[in-house]
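The values are calculated or read from the model by the stated rules, or taken from the named source; none is laboratory data. Since this is a predicted model, take the numbers as computed values, not measurements. No Cβ is skipped: glycine too gets one built from the backbone with ideal geometry, and neighbour counts run over all protein chains shown. Remember, those area values only see protein heavy atoms, side chains included, never the ligands or the DNA or RNA. Shrake-Rupley method; radii C 1.70, N 1.55, O 1.52, S 1.80 Å.
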Amino acid sequence: MNVILLGPPGAGKGTQAKRIEEKNGLIQLATGDMLRAAIAAGTEVGRKAKPIMDSGQLVPDDVLIAMIAERIAEPDCRNGFILDGFPRTVRQAEALDAMLAAKQRKLDHVIEMKVDDVALVDRVTGRFTCTRCGASYHDRYKQPRVPGVCDVCGNQTFSRRADDTAETIKARLAAYYGQTAPILPYYRTKGILQTVEEWPKSTR
Ligand code: AMP
């Protein structure tokens with residue numbers, strides 16, 4: 001099964017993708033995480049992507065299309081994947097269809113996650129993660145049980161994303177509504193789009 005999670009920054013795509021991954025044995029492919037790994041590794045892609053990501057704009061389509069084409073060809077994606085953060089433009093969506101068709105594969109579900117903008121800004125600007133296990137926390141909604149200590153692994157260092165600032169979130173939302181939301185009619189026409197307004201509390 002191949003699934004896409006579509007939604008603005010802070011909608012909870014990463015959290016839900018991890019849950020679907022665990023429950024269904026699919027692989028989460030998060031392009032934002034791949035780009036941040038490229039930045040940390042100091043690759044050429046990472047060096048070019050960093051200033052673009054820090055400004056809240058989208059990294060060029062060709063870079064992302066090549067990255068995903070390479071990744072879905074790997075054996076661990078054979079049983080299916082959950083795309084989290086890709087496609088983000090109509091061109092990426094069309095390229096994805098072409099690469100899947102070339103492998104006699106297809107998309108099964110596209111899930112749009114809708115959240116009100118004020119809640120998104122609030123969620124994104126307060127979030128932080130454990131640097132060791134990646135568990136996520138929030139300044140107001142989910143502090144670690146023991147201050148400064150990760151609930152999951154006991155680590156004591158946390159990080160915040162460079163682009164999770166009040167300023168950058170505005171550009172990221174503009175990119176979502178201007179460049180990514182136009183993908184929705186594309187999938188609606190194909191009959192594979194479902195919209196979720198709020199996830200049940202138990203799956204949060
Ligand atoms: P995310 O972690 O999904 O919020 O992505 C963080 C940033 O990485 C975005 O604001 C973009 O700058 C870049 N990015 C991630 N995925 C894509 C994509 N599919 N196309 C273009 N840029 C992307």
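So the values come out like this:
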read-out: Coordinate range along principal axes, alpha carbons of the range 80-162, Å, largest first; value: 50, 30, 22
read-out: Mean accessible surface per residue for the chain, computed with a 1.4 Å probe while every protein chain stays in place, in Å²; value: 53
read-out: Entries in LYS23/LYS106; LYS48/LYS190; LYS50/LYS103; LYS23/LYS50; LYS23/LYS170 that, when Cα-Cα distance is taken, lie over 28 Å; value: LYS48/LYS190; LYS50/LYS103; LYS23/LYS50; LYS23/LYS170
read-out: Computed over the range 109-204, Kirkwood Rh from alpha-carbon pairs, angstrom; value: 15.6
read-out: Residue with peak Gaussian network fluctuation, the chain [Cα springs, cutoff 10 Å], from ALA11, ALA98, ALA30; value: ALA98
read-out: HN-Hα J in Hz across the range 62-73 - Karplus 6.51, -1.76, 1.60, θ = phi - 60°, x for Gly and Pro; value: 4, 5, 6, 5, 5, 5, 6, 4, 5, 5, 6, 7
read-out: Cys with no candidate disulfide partner in the chain (beta-carbon separation under 4.7 Å rule); value: CYS77
read-out: Phi-based couplings in Hz for the range 31-36 (Karplus 6.51, -1.76, 1.60; Gly and Pro marked x); value: 5, x, 5, 5, 5, 5
